[in-house]
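Participant: Below is the structure I would like to discuss, written out as structure tokens.
The values are calculated or read from the model by the stated rules, or taken from the named source; none is laboratory data. Everything quoted here is computed from the prediction, not taken from an experiment. For neighbour counting, all protein chains shown are included, and Cβ atoms are generated from backbone atoms with ideal geometry for every residue, glycine included.
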Amino acid sequence: MRLTLRTMLAYMDGVLSPADAEELRRKIEQNEGAAGIMHRVRDVQCRLRLGAPKVDGRGLGGDANTVAEYLDNTLAADRIPEFERICLESDAHLAEAAACHHILALVLGERAEVDPELRRKLYGLIHAPQQPPEATPPVAAPPVAEPELAAAGKSRRKPSVPDYLRDQPGRRSALKWLIGIAAAVLLAVIAAMAIGPEKLLSQLRGTDGERHVAAANGETTKEAETKETTADKAADGAANASEPAADVATGADETADTVDVPVTEGTDEGETAAEAAAVTSRAEESPELTPPPMDEASETEAAESAPSAPTPDAGPSESTAAPVAAPDEDPAAETETSVAEGSGTDSVPAPPAANEVGRCFLQKDILLRLDVKEGIWKRLAHGDIVHAGDRLLAFPRFSPAVTLTNGVAIEMSGAAQVVVEAPDGDGTPGLRVLYGRMILMPLSDPQSPVRLLIGDQEHVVTFPDTKTVLAVEVRPELVNGSNPEQTPAPRHVEFCLVDGKLGWQGATADSPSELTAPLVWTTDPAAPVAGAETPKWIRDQSKTGESVAAPTIEEMVTADRPVTVSLKEAAKHPRHRELRSLAAKCLALVGEYDDFVAILSDPAQWPAWDGQIEELRASMARSPEDAAKVRAALEEARSSDAVGLYRLLWGYTSEQFSQGGAADELLADLEHPDIDYRVLAHWNLRQLTGMRHPYDARDEDGKLRKDRVELWQKKVAQWLKDKQGA
């Protein structure tokens, strides 16, 4: 089979026979250009901002019919090379051809699901007995100029409507009633929400009673309404001044009809708050809601509990009438919940929690917080409060953000873990970065400082204006050839001032220094990295297969179930290879490595093997505890060969490879019967020598694999000879 763009698309979509697919796979591996085109096809299909050819375009590359003819193998043979050249030169045309081929493979390769009942009804329509056509009245002779229309009118029959499509008697009228009832209920709910539950309840209980009493006293309806409006305004003022007081009054109405607050005789007109609290219960004017008479002892007790008249010199807290507690409530507890403010203005917004340092800003992103008591990770929701001491974790392919209370936004890019520190004595919040990439930028308040704690170093950064963008990367790096459980991995730290200006103060500096973008440095901005450019990850918007799988992970990981359970379900997805790969990486971040280790033995994961090995080594570099968990997962999966696999994950130094016999061990592992050994051995050889030679760890053909191993042996021997000569 020839290696063309169309056959490559067929191979990528899995529509070839096993023999043709194997033949084409070998040709792609032997041709570096073909492998690059295959990766490029996957990349262009995932780009969000990639344009598309015009719908009404013309020419070989612009006409949509050309793509259809090419995919249908009906395009003229002399035009195929030119069309493929256009696709290889234009990402938009390449993405269009690949996406259309993928859609056709899905539509034509899977049988459409049709509901059995719908299928029965459709076949019933075809085989239903034909009804005789209705008699048509005599028609005048058709005009001579329209013979075709007259002929068509003679053979036209009135279409019949099946019984199951006919309108059932009574259905339409019942539907109208249901719609009317639903609309009435919706309007009532909206009105209740607009009025407010407390005010609506007081109106339902007190308004009619007041009007009856007013009529009995000889008052007109207008006078009663005027009195009611005055009382409502006073009640609203008291409710705004003390919402808990209104709640207590309402609760008392529900249990014992009402509890009156008697007013001491001789009070002057300045008792506005006391009168407002008394007006909240209008039962003294309503015969139906009047409580039973109290005895002398009860009257005395109620008079003693009534609020005293405020003095002119009293402060705001003294001029507020404290509500009387119901018989079953604790007055002291009620006093603590009431708001001591008698201005009658709008309600004051609730202050932030005592240890609140920020809030989550999440759209379709995942951010986890470690529950210290239960020892598990839990997903946060948009707007959740971040407290001091919270340990936060972000997954790969996600970019959650946290906005600190001082207005600085922290966006985590991919796998990252941080600990939010409490503000220091100056009120400066802190962020301890354990690993990962993140971007810091001010949203509102310039000159907002943030403490960055990385290892034993502490830096204070200040943002002079809202245009400043600071990128930080902390990456533990595994020491090749050493046991990660015994040798802690060093951290590679890199700062990049992308835009604007930044105030920087290190641990030993007396005063902050002002930096100007662009600038890249590791520990001291006074010694920037020479020739360094802005890291690609900051502005990288390209999408991969795992990026396409990220929305599925976001849907599966919910707050009401354990994170590991959802991720393990995704890691065992039978068909979605990218979903399994991303789920395994996420599981590794929460300390679960069983599915991650199993990927190295899955032939379907061969495109992601290199990235998975790098992620697994990064996990081992984070801490000796994580390295021990990786070893335990290997021992559980491969009890006999776990030691050798674990050693291959350490990597090798140049001295170990050239003088310590590691080269012979790796070359021998290329012929190991287990695929994961062959994968890790091939990866180590490529990392140490920088050479790329044809070899496929999935190949089970002994002779073919032996020939390729012999080629590697010759190349490695020559490489070692050149090293020794140098």
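Participant: Looking only at residues that are out of contact with any Ser or Thr (no Cβ under 8 Å at 6 or more places or on another chain), at pLDDT 85 or above and of a type outside the set (A, V, I, L, M, F, W, C) in region 696-720, which one is surrounded by the most Cβ atoms within 10 Å (Cβ to Cβ)?
Facilitator: Out of the qualifying residues, it is Arg708.
Participant: Among the residues of region 398-416 satisfying the criterion of being in contact with a Ser or Thr (Cβ under 9 Å, 6 or more places away or on another chain) and assigned to a strand (DSSP E or B), which is farthest from Val590 (Cα to Cα)?
Facilitator: Residue satisfying both the conditions and the ranking: Val408.
Participant: Okay, next question. Here's a check for you: in region 572-596, which residue that is among the basic types (Lys, Arg) and at pLDDT below 85 is farthest from Ala415 (Cα to Cα)? Full working, then the answer.
Facilitator: If we filter region 572-596 for residues that are among the basic types (Lys, Arg), which is where we start, we get 572, 575, 577, 580, 585.
Checking which are at pLDDT below 85 leaves us with 575, 577.
Details: Arg575: 25, Arg577: 20 Å.
Ranking the candidates gives Arg575 first.
Participant: With surrounded by 15 or more Cβ atoms within 10 Å (Cβ to Cβ) and farther than 17 Å from Glu592 by Cβ as the only criterion, which of Val372, Val408 stands out? Quick ask: steps written out before the conclusion?
Facilitator: Numbers: Val372 fails: surrounded by 15 or more Cβ atoms within 10 Å (Cβ to Cβ).
Among Val372, Val408, only Val408 is surrounded by 15 or more Cβ atoms within 10 Å (Cβ to Cβ) and farther than 17 Å from Glu592 by Cβ.
Participant: Out of (1) closer than 21 Å to Ala105 by Cα; (2) modelled with pLDDT under 80; (3) of a type outside the set (Lys, Arg), what's the single condition that is false for Asp56?
Facilitator: (1)
Participant: Could you look through region 486-510, keep only residues that are in a loop (DSSP other than H, G, I, E, B) and either in the same structural domain as Glu614 (by TED's automatic domain parsing) or among the β-branched types (Val, Ile, Thr) (or both), and pick out the one that is surrounded by the fewest Cβ atoms within 10 Å (Cβ to Cβ)?
Facilitator: From region 486-510, those in a loop (DSSP other than H, G, I, E, B) are 486-490, 500, 506-510; that's our starting set.
Narrowing the set further to residues that are either in the same structural domain as Glu614 (by TED's automatic domain parsing) or among the β-branched types (Val, Ile, Thr) (or both) leaves 487, 508.
Details: Thr487: 15, Thr508: 6.
Only one residue fits best here, namely Thr508.
Participant: Continuing with the same structure: Which of the residues belonging to region 3-53 are among the acidic types (Asp, Glu) and in contact with an Asp or Glu (Cβ under 8 Å, 6 or more places away or on another chain)? Don't jump to the end; show me each part of the working.
Facilitator: Let us first name the residues in region 3-53 that are among the acidic types (Asp, Glu), namely 13, 20, 22-23, 29, 32, 43.
Across region 3-53, the qualifying residue is only Glu29.
Participant: Another one. Going through Ser581, Ser619, Ser601 one at a time, which residue ends up being under 20 Å from Pro551 (Cα atoms) and either in contact (Cβ under 8 Å) with a residue 12 or more places away in the chain or surrounded by fewer than 21 Cβ atoms within 10 Å (Cβ to Cβ) (or both)? Outline the logic, then answer.
Facilitator: Details: Ser619 fails: under 20 Å from Pro551 (Cα atoms); Ser601 fails: under 20 Å from Pro551 (Cα atoms).
None of the others qualify; the one that does is Ser581.
Participant: So in region 593-605, with the set limited to residues that are part of a loop (DSSP other than H, G, I, E, B) and under 29 Å from Pro490 (Cβ atoms), which one is nearest to the chain's Cα centre (by Cα)?
Facilitator: Ranking the candidates gives Tyr593 first.
Participant: Next question. Which count do you get for residues in region 429-453 that are more than 19 Å from Leu589 (Cβ to Cβ) and either at pLDDT 95 or above or surrounded by 16 or more Cβ atoms within 10 Å (Cβ to Cβ) (or both)?
Facilitator: Taking region 429-453 first, the residues more than 19 Å from Leu589 (Cβ to Cβ) are 429-430, 439-453.
Subset that is either at pLDDT 95 or above or surrounded by 16 or more Cβ atoms within 10 Å (Cβ to Cβ) (or both): 429-430, 439-442, 448-453.
So the count comes out to 12.
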